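Inspection log for the structure reproduced underneath, given as structure tokens.
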Amino acid sequence: MPRQTEPAPQTEPAPQTEPAPQKGTVTQRAIEQIKAMIGEGRLEPGARLPTERELAVQLGISRSSMREAIRALTVLGVLEARHGSGIYVTQLEAGDLLETFGVVADLSRGPQLVELLEVRRILESTATALAAARITPGELAEVEKHLAAMHATDDPEEILSHDLAFHRAIVAAAGNDTMAAILEGLSSRTFRARVWRGYQEEGAFARTRREHAAIHRALVAHDPEAARAAAAAHVGEVEEWLRTQLRQ
């Protein structure tokens, strides 16, 4: 009798792999897609975007969602609207992309402001060390101009203005545009004005002038480590002043 063979077991078809669901709203996904186009070089700095309708069709979303995405990226400094011409990618420079960073410093209060000062101390001391190594005679002259102006007055508003310019000139001499943009955002004029008013009440202008003079000496000597220490000590004094204010 012929041997009967059992039918081969049937294998179940492999389950179809479904694409992972995309996170976030349609507008958020549109923002990520446009950023990807820029990051991959499909849209270069200064390039004009396709029209809102064309881009919505290309990305498969509604025009209203595309409009929201463009508006959000414009606020972030990634895109810019030119009246009568269209939407363009900005030059994507650090100052453009970090322009809104200053809002954090302007709105921060209490312990959060102390945290921002800690970040500023780390970055500003690094920037000042870089400046000591790289500063040119012309850049040093700009620093000295604002230092002399601070020493020539007791008016808090004038001191504030030259203090901002003094530190801005030093950071510019460091030659790192991204670091300069971040520090610009951390240097809230409103907060600095509060500090200078407090220093005036405490009679602390002399101490601050000594700190500025120590930074200047390190720059003149092209001594990065001395510059780092002097800048860290200077911002550290502001940190301590704020902590004292918060304990009152």
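The values are calculated or read from the model by the stated rules, or taken from the named source; none is laboratory data. This structure is a prediction, so every number in the text was calculated from the model and none was measured. For neighbour counting, all protein chains shown are included, and Cβ atoms are generated from backbone atoms with ideal geometry for every residue, glycine included. Heavy atoms of the whole protein, side chains included, go into the accessibility calculation; ligands, DNA and RNA do not. Shrake-Rupley method; radii C 1.70, N 1.55, O 1.52, S 1.80 Å.
Which is farthest toward the positive dipole end of the chain among THR74, GLY138, ASN176, measuring Cα position about the Cα centre, with Cβ charges +1 (Lys, Arg) and -1 (Asp, Glu)?
Value computed over the given set: THR74.
Please give the direction-averaged projected area of the C-alpha convex hull for the chain, in square nanometres with one decimal.
Numbers: hull surface 102.6 nm².
Its average projected convex-hull area is 25.7 nm².
Under 19 Å from a point placed 7 Å out from the Cα of GLN91 along the Cα-to-Cβ direction: which residues of the range 41-57 have their backbone N that close?
43-49
With a 10 Å cut-off between alpha carbons and a GNM built on the chain, which of PRO224, PRO156, PRO137 moves the most?
Maximum fluctuation in the GNM of the chain, among the listed residues, is at PRO137.
Quick one: helix 177-186 against the long Cα principal axis of the chain, what's the angle to the nearest 10°, folded into 0 to 90?
Taking the Cα atoms of the chain, the angle to 177-186 is about 70 degrees.
For PHE101, PHE191, PHE166, give the ranking by accessible area with the largest first, probe 1.4 Å. Don't jump to the answer; show the numbers that get you there.
Numbers: PHE101 70, PHE191 25, PHE166 0 Å².
If we order PHE101, PHE191, PHE166 from most to least accessible, we get PHE101, PHE191, PHE166.
Report the Rg/Rh value for the range 177-237, based on alpha-carbon coordinates and the Kirkwood definition of Rh. Walk me through the numbers before you get to the answer.
Numbers: Rg = 13.1 Å, Rh = 12.8 Å.
So for the range 177-237, dividing Rg by the Kirkwood Rh gives 1.02.
Kindly list the residues of the range 86-121 that lie in the label zone of THR190, defined by a backbone N under 11 Å from the point 7 Å along the Cα-to-C-beta vector.
103-109
Provide the gained length on full extension for the span GLU115 to ASP155, in nm with one decimal, where the gain is 0.36 nm per separating residue minus the Cα-Cα distance.
Details: separation 40, 0.36 × 40 = 14.40 nm, distance 2.86 nm.
Gain on stretching GLU115 to ASP155: 11.5 nm.
Between ASP155, ASP223, ASP163, where does the largest GNM mean-square fluctuation fall for the chain, given springs only between Cα atoms within less than 10 Å?
Its mean-square fluctuation being the largest, the pick is ASP155.
Heavy atoms only, probe 1.4 Å: what % of the accessible area of the chain goes to carbon and sulfur, would you let me know? Present the calculation step by step, with values, prior to reporting the outcome.
Details: 7860 of 14710 Å².
Here it works out to 53 percent.
How much accessible area per residue does the range 79-185 have, counting only protein heavy atoms and a probe of 1.4 Å, in square angstrom? Write down the numbers at each step before the final one.
Working: 5280 Å² over 107 residues.
Heavy-atom accessible area per residue stands at 49 Å².
For ILE122 and ASP223, what does the FRET efficiency come to when R0 = 25 Å and r is the distance between their Cβ atoms, rounded to the nearest 0.05? Show your work: numbers first, answer last.
Working: r = 19 Å, r/R0 = 0.77.
The value I calculate is 0.85.
Counting Lys and Arg as +1 and Asp and Glu as -1, each charge on the Cβ, what is the dipole of the chain about the Cα centre in debye, to the nearest 20? Each step should come with its number before you reach the end.
Details: 28 positive and 35 negative charges, 88 e Å.
Dipole size: approximately 420 debye.
Would you mind telling me which residue in GLN58, GLN112, GLN91 has the biggest mean-square fluctuation in a Gaussian network model of the chain, where springs connect alpha carbons within a distance under 10 angstrom?
Comparing GLN58, GLN112, GLN91 in the GNM, the peak value goes to GLN58.
Any chance you could give the angle, 0 to 90 degrees and rounded to 10, that helix 26-39 forms with the longest Cα principal axis of the chain?
70 degrees
With runs of 4+ DSSP H residues as the only contributors, calculate the mean residue ellipticity of the chain at 222 nm using -39,500 (n - 2.57) per run, divided by the residue total and rounded to the nearest 500.
Values: 12 runs with 167 residues, N = 248.
Calculated from helices alone, the mean residue ellipticity at 222 nm is -21500 deg cm²/dmol.
State, as an integer percentage, the relative contact order of the chain based on alpha-carbon contacts under 8 Å between residues 6 or more apart. Write down the numbers at each step before the final one.
Details: 272 pairs, mean separation 49.1, N = 248.
With pairs under 8 Å counted, the relative contact order is 20 percent.
Please give the helix 137-151 orientation as an angle from the longest Cα principal axis of the chain, in degrees from 0 to 90, rounded to the nearest 10.
Approximately 60 degrees, to the nearest ten.
Multiply the residue separation of ALA141 and ARG210 by 0.36 nm, subtract the distance between their alpha-carbon atoms, and state the gained length in nm to one decimal. Before the final figure, lay out the partial values.
On the way: separation 69, 0.36 × 69 = 24.84 nm, distance 1.86 nm.
My answer for the length gained is 23.0 nm.
Where Rh is the Kirkwood radius over the Cα pairs of the range 79-120, the temperature 25 °C and the viscosity 0.890 mPa s, what D in µm²/s does Stokes-Einstein return?
Values: Rh = 12.6 Å.
Value of D from the Cα-based Kirkwood radius: 195 µm²/s.
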